[in-house]
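Have a look at the structure below before the remarks.
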2 protein chains.
Amino acid sequence: MQVVGELRSIREIIGEIKKREMTIGFVPTMGFLHEGHLSLIRRAKEENDFVVVSIFVNPLQFGVGEDFEQYPRDLERDKELAAAAGCDLLFVPAAKDMYQRGYATFVDVDRLTEGLCGASRPGHFRGVTTVVNKLFNLVSPHRAYFGQKDAQQALVLQRMIRDLNMDLELIILPTIRESDGLAMSSRNKYLSSVERKEASVLYRSLRLARELIDRGEKDALIVKKSMEDLIRSTRGAVLDYLEIVDTDELKPLESINGKCLVAVAVKFGATRLIDNIFVEV
Amino acid sequence: MQVVGELRSIREIIGEIKKREMTIGFVPTMGFLHEGHLSLIRRAKEENDFVVVSIFVNPLQFGVGEDFEQYPRDLERDKELAAAAGCDLLFVPAAKDMYQRGYATFVDVDRLTEGLCGASRPGHFRGVTTVVNKLFNLVSPHRAYFGQKDAQQALVLQRMIRDLNMDLELIILPTIRESDGLAMSSRNKYLSSVERKEASVLYRSLRLARELIDRGEKDALIVKKSMEDLIRSTRGAVLDYLEIVDTDELKPLESINGKCLVAVAVKFGATRLIDNIFVEV
């Protein structure tokens, strides 16, 4: 596995790969890799000739007072994990190269970014769409892999790719979970042992939603109220948002019909966790 | 010369060209081609194996009350002119394909779009950067050609390409002028014969600026005042803006030093014309 940081180097290597008509699979990450990321890398390896993983803790997608500084980093461990999962090229750019003096260009996806995490984290998705657009241009992958854990992110990027006629396929893979159902996330590291136990309430609330909907409940308010009661009964949990939306425009639904996304964000102390499931009725 | 409208067709053809490792030169236009466009196409032909010209009157870059509906169109004439100048592939997409149902993604360049035409035409540059980003993704050219007549547009697009790490070179070619100095523009067609004569005042005011600067004038206010007096002495001319800016951030200069852009916009009735020169001291 090669490791490069320079933008010029990545261009050269990608140019060579393209000349050889090899397909490129791409997994953009913020590092501190866990089983969720590794499942994306493995799938990329299965479906492509050459796999690029990027590690970049993107300052642009963190708001004021968020955890940009503390975000966990462990490049040496990441290198070993990425290589073992099948990564061919690890791209680790520097922020000063990604956002050079005079930087002025931003990519925005309207509407889909207004609710859910977009409402809780103003400017977050502008940061995500802008940096992923840049990474796509640098890596020019045939396929890019994202986890369903960040469902809004994946759907927003899917919209960006379609709207801007970017020539690649976005593939969303299932959320990887701990044994108690907690979605894997680099931010789980922030949790105390008590919080870690309580944090399983996110997935429990989502399973409750699925159960109610499977039993025929169509009223989103009723489903959300049950989820909310469960979350509020958990000592350390502070609800950030809880929503049932359509998967196209991510607009809140009153009546549950067709394919929808049930999404939840909960804070434990300073740690904000998210999770979601798709349901189809 | 091939003519295609379907987005799928352009992708296929470009894919074939790339496989053959041919270089692609691209000239995006709004059609109604004149000698300015043709000079870009000819240069593209000299420098590349394959030349793509697009014709798309982009609704997104026209403001409310602007001339989107009236903008001159003549596809049959454009086909002949483009083919004769060396175009290999004429791409004429439909607005309904470029902006499909649910369209939500926009590219913005900050700061550089605030002044000059950006101040007179709110939203104009968002339309330009968004559509050109899309066209670049569809055509994936090695080089794209723009006229200096739209200098702010070219510098904004140059910034977008750099910031988003788009893998192509932007080439700015000199403004092509009529014998009296009027910059060629599809909008010149709107002018009455009296207005057409008066319109040479744009270039005359720019030449006056160059003369004053060549003679040692460093005070931007004095240069602008002389230009303004000349324009105001022209019967049908209504000054829209007149500015001397740096070529990096397009910020107004008080003192003329280094490379700068002298830019002017003047209305004749409902017709708005622009022109500019670069000066270096």
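List of remarks:
- For the stretch B:141-212 versus the stretch A:178-247, the gap between their alpha-carbon centres in whole angstrom: 57
- Buried area at the B-A interface (accessible, heavy atoms, 1.4 Å probe, summed, Å²): 2500
- Förster radius 56 Å - calculated FRET efficiency between B:GLU16 and B:GLU211 (Cβ-Cβ, nearest 0.05): 0.60
- Among chain A residues, the one whose Cβ is nearest the axis of the rotation from A to B, given with its distance rounded to whole Å, is A:VAL107, 3.
- Simple point charges give the picture: +1 on the Cβ of Lys and Arg, -1 on the Cβ of Asp and Glu, and for the stretch B:1-93 a dipole about the Cα centre of about 320 debye.
- Each copy carries a label point for B:ASP214 at 7 Å from Cα along the beta-carbon vector; from one copy to the others these points are 8.3 nm apart, nearest first.
- According to the calculation over all Cα-Cα pairs in the stretch A:174-213, the P(r) per 5 Å bin from zero is 6, 23, 29, 23, 12, 5, 2 %.
- Rounded FRET efficiency, nearest 0.05, which uses the C-beta distance separating B:GLU46 from A:ARG187 and R0 of 45 Å: 0.25
- Label point distance in nm, A:MET1-B:MET1, each placed 7 Å from Cα along Cα→Cβ: 5.1
- For chain B, calculated [θ]222 nm from helices alone, where every DSSP H run of n ≥ 4 adds -39500 (n - 2.57): -11500 deg cm²/dmol
- Rolling a 1.4 angstrom probe over the protein heavy atoms with all chains in place gives the stretch B:186-280 an accessible area of 49 Å² per residue.
- Cα-centred dipole magnitude for the stretch A:2-173, charges only on beta-carbon of K, R (+1) and D, E (-1), debye, nearest 20: 260
- Gyration tensor verdict on the stretch A:2-173 (Cα atoms; rounded if a/c is under 1.5, prolate if a/b is larger than b/c, oblate otherwise): rounded
- Cα-based shape type of the protein assembly as shown, given that a ≥ b ≥ c are square roots of the gyration tensor eigenvalues and the cut on a/c is 1.5: prolate
- Most mobile of A:LEU33, A:LEU90, A:LEU191 in a GNM of chain A (Cα contacts under 10 Å): A:LEU191
- Debye log10 I(q)/I(0) for the stretch B:186-280, one point scatterer per Cα, at q = 0.13, 0.20 Å⁻¹: -0.42, -0.90
- Förster radius 41 Å - calculated FRET efficiency between B:GLN70 and B:GLU114 (Cβ-Cβ, nearest 0.05): 0.90
- Inter-label distance, A:TYR103 to A:ALA83: 2.9 nm, where each label sits 7 Å from its Cα along the C-beta direction.
- Cα-Cα pairs of the stretch B:1-80 separated by more than 14 Å (percent): 69
- For B:THR247, label point 7 Å along C-beta direction: distances to other copies, nm: 5.1
- Unit charges on C-beta of K, R, D, E only; dipole of the protein assembly as shown, Debye: 160
- Fraction of accessible area attributable to carbon and sulfur, chain A (%, probe 1.4 Å): 48
- Within the stretch A:2-173, DSSP assigns beta bridges of which about 0% are antiparallel (rounded to the nearest 5).
- Each copy carries a label point for A:ARG162 at 7 Å from Cα along the beta-carbon vector; from one copy to the others these points are 3.5 nm apart, nearest first.
- Positive-end residue of B:VAL109, B:ALA265, B:LEU191, charge dipole of chain B with Cβ unit charges: B:LEU191
- Alpha-carbon centroids, the stretch B:24-45 and the stretch A:98-136: separation in whole Å: 33
- Compactness ratio for the stretch A:16-63: Cα radius of gyration over 2.2 N^0.38 Å (N = residue count) comes to 1.34.
- Packing-based order for B:8-17, A:93-102, using average beta carbon neighbours within 10 Å, highest first: B:8-17, A:93-102
- Extreme residue, positive dipole direction of the stretch A:186-280, given options A:VAL279, A:LEU242, A:LEU253 (C-beta unit charges): A:LEU242
The values are calculated or read from the model by the stated rules, or taken from the named source; none is laboratory data. Just so it is clear, the structure is predicted and the values come from calculations on it, not from any experiment. Reconstructed Cβ throughout: ideal geometry from the backbone, glycine too, with neighbour counts over all protein chains shown. Surface accessibility is based on the protein's heavy atoms, side chains included, excluding ligands, DNA and RNA. Shrake-Rupley method; radii C 1.70, N 1.55, O 1.52, S 1.80 Å.
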